[in-house]
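Below you'll find the structure, written out as structure tokens, and then a few comments.
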Amino acid sequence: MTITTEQATWFAQTFAAIADNVERAVLGKRHVVELVLTAMLSEGHVLLEDVPGTGKTSLARAVAQSVQGTSTRIQFTPDLLPGDITGITVYDQKTGEFAFHAGPIFANIVLADEINRASPKTQSALLEVMEEGRVTIDGVTRAVGKPFLVIATQNPVEQAGTYRLPEAQLDRFLLRTSLGYPDHAATVRILGRAAAPIDELAPVITPGALAGMAELATDVYVDALVLDYIARLVDATRSADEVRLGVSIRGALALTRASRAHAAAQGRTYVTPDDVKRLAVAVLAHRLILHPEAEFDGVTPEAVIGQVLLDVAPPTRKDAP
């Protein structure tokens, strides 16, 4: 079943309304806001590599308020335990039974702040829930609900006392991006309203309706030529001279899902090669492992994906149903 033109128009209008609402709290970062919303509507997760004080917590809270959902913030530290994230089962002496106490992972929007400061054992507590939307504790599986979005952050400057995220976990993030510092005009606006910050945003959509949007995004048409283009891009990352490990099939699937949501956000019922190009760096770059020699020479994963986009020719005809 393919999404109709009327449904695509409603999707685009609602997407823009949510982005406008979030941008009231996060000024001057429209592109990043749209990327985060695209990830959420693709049922994926976001990795933000940013220095402190750029508005990561404000972004997570604003998204949660806009979709009438719940949000939590987990500060990752070396002494954080897996149970501190997922929750634990505690024996209740009054009832004589074990009761489950849910952890902060049971929320619609979860901000995992400085995720690389926790031990690999604690980081691994997120693997199941990020992939399947559920948590298994003491043999009992519990769903975290929908929508579910993990926004994890890393500080790219200070690496002392941190644990590098393993490739298996990086692969579970749909995309990686950065908020960065606001431009001059946005900075002036932020300073101007510092005395009266916006604490609460009116919701734009309900969680149920947002889940419906995510379902609509899966019905966006993708032509066989566009699928072939995505496959050729992924193959090119695996054969690039600078790359030791290229993009996995999960990365190709992630790019396809994100392209569908992006196309619907533009009011279209079909994906174009331009949708793929706009998302390729954010979705694919963090999945590459470069040769040490290439890293030493200053090559970045983003530069590799940029070169792949130049080398791999996109389909030339209009890819619509």
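Quick notes on this one:
- Among the conditions (1) open to solvent by 20 Å² or more (accessible area, probe 1.4 Å); (2) touching a strand residue (DSSP E or B) at 6+ places or on another chain (Cβ under 9 Å); (3) touching a residue at least 12 places away in the same chain (Cβ under 8 Å), residue 36 misses just one, which is (1).
- Scanning segment 66-100 for residues that are open to solvent by 70 Å² or more (accessible area, probe 1.4 Å), closer than 24 Å to residue 138 by Cβ and within 27 Å of the chain's Cα centre (by Cα) gives 70, 79, 81, 84, 88.
- If you go through segment 107-146 and pick out every residue that is under 17 Å from the mean Cα position of the chain (by Cα) and among the hydrophobic types (A, V, I, L, M, F, W, C), you end up with 11.
- Members of segment 235-248 found to be in contact (Cβ under 8 Å) with a residue 12 or more places away in the chain, assigned to a helix (DSSP H, G or I) and surrounded by fewer than 22 Cβ atoms within 10 Å (Cβ to Cβ), listed by number: 236
- Residues that are farther than 30 Å from residue 154 by Cα and acidic (Asp, Glu), drawn from segment 73-106: 92, 97
- Some residue of segment 110-120 being at pLDDT 85 or above, touching a Phe, Trp or Tyr at 6+ places or on another chain (Cβ under 7 Å), more than 30 Å from residue 30 (Cα to Cα) and buried (at least 22 other Cβ atoms within 10 Å of the Cβ): yes
- For residue 230, the conditions (1) open to solvent by 30 Å² or more (accessible area, probe 1.4 Å); (2) farther than 30 Å from residue 144 by Cα; (3) in contact with a helix residue (DSSP H, G or I) (Cβ under 6 Å, 6 or more places away or on another chain) are fulfilled apart from (1).
- Residue match in segment 65-73 (condition: at pLDDT below 90 and farther than 27 Å from residue 206 by Cβ): no
- Residue satisfying all of: in segment 250-282; outside any helix (DSSP H, G or I) and open to solvent by 10 Å² or more (accessible area, probe 1.4 Å); nearest to residue 227 (Cα to Cα) among these: 272
- Residue satisfying condition, being under 30 Å from residue 133 (Cα atoms) and open to solvent by 50 Å² or more (accessible area, probe 1.4 Å), within set 214, 285, 224: 224
- Any hit, segment 166-184, residues being touching a Phe, Trp or Tyr at 6+ places or on another chain (Cβ under 9 Å), among the aromatic types (Phe, Trp, Tyr) and touching a residue at least 40 places away in the same chain (Cβ under 8 Å): no
- Among the candidates 284, 288, the residue that is in contact with a helix residue (DSSP H, G or I) (Cβ under 8 Å, 6 or more places away or on another chain), over 22 Å from residue 33 (Cα atoms) and touching a residue at least 40 places away in the same chain (Cβ under 8 Å) is uniquely 288.
- Within segment 120-133, the presence of at least one residue that is closer than 24 Å to residue 155 by Cα and either assigned to a loop (DSSP other than H, G, I, E, B) or among the small types (Gly, Ala, Ser) (or both) is confirmed.
- Positions within segment 111-131 being out of contact with any strand residue (DSSP E or B) (no Cβ under 9 Å at 6 or more places or on another chain) and either within 15 Å of residue 46 (Cβ to Cβ) or of a type in the set (D, E, K, R) (or both), in sequence order: 121, 131
- Within segment 288-308, the presence of at least one residue that is modelled with pLDDT under 95, in a strand (DSSP E or B) and not aromatic (Phe, Trp, Tyr) is confirmed.
- Subset of segment 122-158 [open to solvent by 60 Å² or more (accessible area, probe 1.4 Å) and in contact (Cβ under 8 Å) with a residue 40 or more places away in the chain]: 131, 138, 140, 142, 146, 156, 157
The values are calculated or read from the model by the stated rules, or taken from the named source; none is laboratory data. The shown structure was predicted, so the numbers you read here are calculated from the model rather than taken from an experiment. Positions of Cβ are backbone-derived with ideal geometry, glycine not excepted, and every protein chain shown enters the neighbour counts. Protein only, heavy atoms only, side chains kept; ligands, DNA and RNA dropped before computing areas. Shrake-Rupley method; radii C 1.70, N 1.55, O 1.52, S 1.80 Å.
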